[in-house]
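FYI, it's all coordinate maths here, none of it is from the lab. Predicted, not measured: the structure shown is a model, and the values here were computed from it. Cβ coordinates were reconstructed from backbone atoms using ideal geometry, including for glycine residues, and neighbour counts include every protein chain displayed.
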Amino acid sequence: MQNKTFSIAVLGAGNIGSSVLTRLKELDHNVLNLELKRVLVNDTSKDRGVSKDLLTDNFDDILNDDSIDLVIEVLGGVDPGKEYIKSLLQKGKAVITANKDIIADCGQELITLAEENNTCLYFEAAVAAGIPVLKPLIESLRGEELTKVLGIINGTSNYILTSMEEGSTYEDALSTAQELGYAEPDPTNDVEGVDAKYKAMILSLLCFGVSPESDAVFTEGISNITKEDFDWASRLDKTIKLVAQIDSNENGFNARVHPVLIDKKHPLAAIRGALNAVVAEGENIDQLVFSGPGAGANPTASAIMGDVLSACHQLNSDQSNWYPLREYKGENKSFEDVESSMFIRLSVNDEPGVLAKIAGTFGENNVSIESVIQEGRGDKAELVLVTHEAPEKDLSNSINQISSLDAVTTVTSLLRVYV
Ligand SMILES: NC(=O)c1ccc[n+]([C@@H]2O[C@H](COP(=O)([O-])OP(=O)(O)OC[C@H]3O[C@@H](n4cnc5c(N)ncnc54)[C@H](OP(=O)(O)O)[C@@H]3O)[C@@H](O)[C@H]2O)c1
């Protein structure tokens, strides 16, 4: 492989693209010979640290250059990147992208397109950025039947939750995350779980061979979590994390993203700040944990460079895309049939019979209660319950009925407990 020189183009020279351009310059030629042919940007007048002759604002200069073997897409957003990737693959060029939005939207279609055109598509940086997790899941673990994959795959929300665990309010933690550049000015996709959902959709395809529709992935964010929830978590020897969880077992397949109360001894509880982690479970491997930087230009560029090496190796050996994707033969399970254990905090009137009414409502819906704590007196009375595992639909029916009881003033918080 050392002797052949591959020609490469980069779409985008922003935050990630500029780090990729630096890494391409620094690449050891004993490892791989690469010639940078073109860089696509909007504004060709800006200095990008490469010769001005390489800059173009016309995608066709790259698409129609038959000497270009390989293209890195780091434009951001779905359009025009999605159509660009399709056209490049159709021309037989290898594509590497860091774009989770595009892969979540049509990853399966693009992988097939790459195979049909005898080329390759790699996207390691699209999930957990700097942690090389997709390649082990696709290749090293291809012989394993995975039963569960779960992860902290959004660094912004994990940074906010960690700060709250240390005593910040949600608002203060979010504004510090924005000052440090961890959170966008509009943080909705990160804090409402949408970014983690896209990554969960990619993991679903690669680990289980299922491409769930976006709407089928139950998604709840962290914007309703309070300091008091963390106080309670601590009393229960737990913390709170935004977790993407994908299960595949005899009961079916389900992917979801929501905050969980998780035992402090669980490996995910130790993932702090903007770090990410992915846990893979299976009968033979028990539990594997991958953790590290889930964002940032340099870690993301590292994952992209790893993909560049894999793609060149593949182009050289004339193979098509990776191993065949896993094929799911089971049933999809809807979220309402998923069994969860629920932590519920209620403000109640401190009067006789309240607990009996609440327990009765759970009982009518076949939900059993694991523990109850009552605190405070008078109009400050608070009831905290943890249920045993029960189907989501039974839990949500119970909670709807309980919230309309006269004795219940407010359902202050609802959190699923990771069991
Ligand atoms: N930030 C992270 O930590 C991280 C981690 C993993 C994955 N990613 C992914 O990496 C990708 C790139 O993110 P980024 O933060 O580097 O984005 P960015 O800073 O906004 O950079 C985008 C670059 O693309 C160019 N561009 C955009 N649309 C274009 C068009 N239609 N024609 C020509 N050039 C165009 C821009 O040109 P100008 O400079 O001329 O405007 C800019 O150089 C995204 O898909 C993101 O999700 C990011």
Per-residue [θ]222 nm for the chain (sum of -39500 (n - 2.57) over DSSP H runs n ≥ 4, rounded to 500)
-10000 deg cm²/dmol
Roughly what % of DSSP beta bridges within the chain run antiparallel, to the nearest 5?
70 percent
Angle between the chain longest axis and helix 81-90 axis [Cα atoms, degrees, rounded to 10]
50 degrees
Taking 0.36 nm per residue of sequence separation and subtracting the Cα-Cα distance, how much length would be gained by fully extending the chain between E281 and L36, in nm to one decimal?
84.2 nm
Kindly provide the chymotrypsin sites (Phe, Trp or Tyr not before Pro) of region 197-242 that DSSP labels as loop, not H, G, I, E or B, and whose Cβ sees at most 13 other Cβ atoms within 10 Å.
none
Model label zone, N349; criterion: amide N under 14 Å from point 7 Å along Cα-to-beta-carbon; scope region 377-419
378-381, 404-410
Using the alpha carbon gyration tensor of region 223-279, what are the three equivalent-ellipsoid semi-axes (square root of 5 times each eigenvalue), largest first, in whole Å?
23, 13, 12
Relative contact order for the chain, counting Cα pairs under 8 Å that sit 6 or more residues apart, in percent
16 percent
Full-extension gain between D60 and K265, please, as 0.36 nm times their residue separation minus the C-alpha to C-alpha distance.
68.5 nm
In Å and whole numbers, how far do the C-alpha atoms of region 127-219 stretch along each principal axis, longest first?
45, 27, 20
Tell me, Kirkwood radius of region 1-102 from alpha-carbon pair distances, in Å?
13.8 Å
Note the angle between two axes, namely the Cα long axis of helix 155-165 and the longest principal axis of the Cα atoms of the chain, as a number of degrees from 0 to 90, rounded to the nearest 10.
30 degrees
Evaluated at q = 0.08 Å⁻¹: base-10 log I(q)/I(0), Debye formula over Cα of the chain
-0.50
Pairs over 28 Å Cα to Cα, from K199/K265; K25/K241; K93/K329, come to K25/K241; K93/K329
In Å, the Kirkwood hydrodynamic radius of region 1-41 over pairs of distinct alpha carbons?
10.7 Å
Kirkwood-based Rg over Rh for region 325-407 (C-alpha set), two decimals?
1.14
In what sequence do D394, D60 fall when counting other Cβ within 10 Å, fewest first?
D60, D394
In nm, to one decimal, how far is the K148 label point from the Q90 one, both placed 7 Å along Cα→Cβ?
4.4 nm
Note on region 316-419: contact order normalised by length, alpha-carbon pairs under 8 Å, 6 or more apart, percent, works out to 40 percent
Put +1 on the Cβ of every Lys and Arg and -1 on every Asp and Glu Cβ in the chain; which of I222, N276, G130 then has its Cα farthest towards the positive end of the dipole?
G130
Output the 0 to 90 degree angle, nearest 10, between the alpha-carbon long axis of helix 354-364 and the longest principal axis computed from the alpha carbons of the chain.
60 degrees
Rounded to the nearest 20 Debye, what is the dipole magnitude of the chain about its Cα centre when Lys and Arg each give +1 and Asp and Glu each give -1 at the C-beta?
840 debye
For region 134-293, how big is Rg over Rh, using alpha carbon atoms and the Kirkwood form of Rh?
0.97
Residues of type aspartates and glutamates that K197 reaches as a straight line, Cα spacing below 13 Å, ignoring anything fewer than 8 places off in the same chain:
D101, D105, E213, D215, E220
